[in-house]
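Just so it is clear, none of the values below were taken in a lab; they were calculated from the coordinates. What you see is a predicted model; the values in this text were computed from it and never measured. Backbone-built Cβ (ideal geometry, glycine too); neighbour counts: all protein chains shown.
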DNA sequence: CATCGTATAGACAGACTTGTCTGTTCGGTG
DNA sequence: CACCGAACAGACAAGTCTGTCTATACGATG
C-alpha cells in the first residue's frame, strides 16, 4: 500500500532542519528557502506538509515538547529522593551548556518573537511551561506535598521552577555555567530548610 | 549657533518610536519604514543619525539601560533595610505588569533575536545584566556582605538576582502576577533564613 | 543676500520574503 | 503496461526589507 517512507520522510527531514535552524538562528531570521534547501526538499513538498511557516514552528515546538518531557521523565525517574531528582532535572541543562553555541530555552526564545499573547505559538510555549511546572509538582517534589500546607507546597514548586527558568536565561546571557550551579544549590538549600535542617 | 532643537529633535523622536516598537513587536518584526513613518522623520534623516538599524537598537538599549538603572536607584535608595529594598526592586515589575501588553524584559527579548554571542547587541544585554547584578550586591544586599563568607554572599546575590530574572520571564509567559509575587516572597524568606530566623 | 547645515519627501536599487504554480520524475499498485 | 500519489526542480508573483540617492525647503549665521 505504502512504501517504507512515503508520507513521513520529507516531513521529518523538514522538522529536523527547522529544529536546528529555528533554535540556532531564531524564527524570524530563518527563511523558508534556507529550510527547504538544507533539508533537501522541494518547496512544493514543503507547502504540501505545512500550510505556512508558522505551522512548521508549531509542529516543531510540539515535537520538542515531547522529546523534552520524555527525556526529563527518564532522567528524573531513576531517582527516589527529591534532592537527586532536582539534580537530574538540572543535568538536562548542564549537557546543553557544554555543547557549542548554547541558545537557552527554545520555547522562551520563540515566545519572545511572537508579541501577540493570542498567537498559537505562545499557546504552545505556555502549555510547555505549565507541563514542566506540573511535572515538578508531581514527580520531583511530590514527597513534600503532604508535609506542608497546600499553599506552601504550591509556592515551593513555583520557586523551584522559577529558579530553574531564571538559571536558563542567565546562562544564555552570560554563556557560563554558574547560574545553573547557583540555582541548583539554592533549590537544594530550600529543600533542606523545608525539612527543618539547619544550614 | 544652533537652534533650540536642531540635531537632537529628530534623533530623539526616532529613539522614542524605536523604543516603543522594538519593545512591543520585537526587533526583526519592526521595519525601518514603520519607524520613520511613525516618528515623522525622513528616511535620509534616519540614516544621517544612525548608520544602520542595529545601531539604532544599540542606542535604544543604552538609553533604556540608563533610564532603568536610574529608576531602580531612585526606588531602592529610599529604603534602608534589605527587605524593603528588595520590595522596591520588584515594584519596578509590578508597575509594568499592570500596563497593557506586558512584554517582559526588553534586554532578554532582544538577546533572543541575536544568536551570535559576539553581537554588539548581546554585549549591551550582558553589560546591563552585569550592572543589575552589581547593583543588587552594592545597594540592595550590601548589609549581608560582612555577615557571610565572601563566597556565600556572592551566591546569595546570584540567587536573588536569578529569581528576579526568572520571575520576569515567567510573568511574560503566563501574563500573570504570581511569578513575581512568589519570587519576591522567596527572596525575603531567604534573607530571614540567612539572619538565622526560624520560618 | 548668500551660504551652510539639517530637515523634508520620496523614488529607487537590489536583495530577500512567503507562498503559488507548472511541469517532470519516480516507485508502487491495479 | 497504465495509472496515481508523492516528491522533485525551479520559475514566478507580490510584497517586504535595508539602505542610497536626488531634489527641495527652511532657518540661522557669515
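Computed quantities for the displayed model
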| read-out | value |
| --- | --- |
| Stokes-Einstein D for the protein assembly as shown, Kirkwood Rh over Cα pairs, 10 °C, 1.306 mPa s (µm²/s) | 70 |
| For chain A, radius of gyration divided by Kirkwood radius, i.e. Rg to Rh on alpha-carbons | 1.04 |
| Normalised contact order of the stretch B:72-153, rounded percent, pairs of Cα under 8 Å and 6 or more residues apart | 28 |
| Cα long-axis angle, helix B:178-194 against chain B (0 to 90 degrees, to the nearest 10) | 40 |
| Using a Förster distance of 22 Å, the FRET efficiency for residue A:80-residue B:193 (Cβ separation, nearest 0.05) | 0.25 |
| The stretch A:68-110-the stretch A:16-51 distance, computed between alpha-carbon centres (Å) | 26 |
| Using alpha-carbon coordinates, inclination of helix A:82-98 to the longest axis of chain A, degrees | 40 |
| Label-to-label distance, nm, for residues given as residue A:178 and residue A:52 (7 Å Cα→Cβ offset) | 4.4 |
| For the stretch B:121-187 versus the stretch A:127-162, the gap between their alpha-carbon centres in whole angstrom | 22 |
| Shielding by partners, peptide B:43-54 (average Cβ within 10 angstrom, other chains) | 0 |
| For chain A, calculated [θ]222 nm from helices alone, where every DSSP H run of n ≥ 4 adds -39500 (n - 2.57) | -23000 deg cm²/dmol |
| Residue among B:162, B:29, B:19 with the largest mean-square fluctuation in a Gaussian network model of chain B, springs linking Cα atoms under 10 Å | B:29 |
| Residue and distance (whole Å) for the chain B Cβ nearest the axis that superposes B on A | B:166, 1 |
| P(r) histogram, all alpha-carbon pairs of the stretch A:25-96 included - 10 Å bins from 0, percent | 17, 34, 22, 19, 8, 0 |
| Tensor-based shape of the stretch A:78-171 (alpha-carbon gyration tensor, a/c under 1.5 rounded, otherwise prolate or oblate) | oblate |
| Chain B: most fluctuating residue of B:74, B:38, B:118 per GNM, C-alpha cutoff 10 Å | B:118 |
| Most mobile of A:147, A:30, A:17 in a GNM of chain A (Cα contacts under 10 Å) | A:147 |
| Helix B:120-135 axis, angle to chain B major axis (alpha carbon atoms, nearest 10°) | 30 |
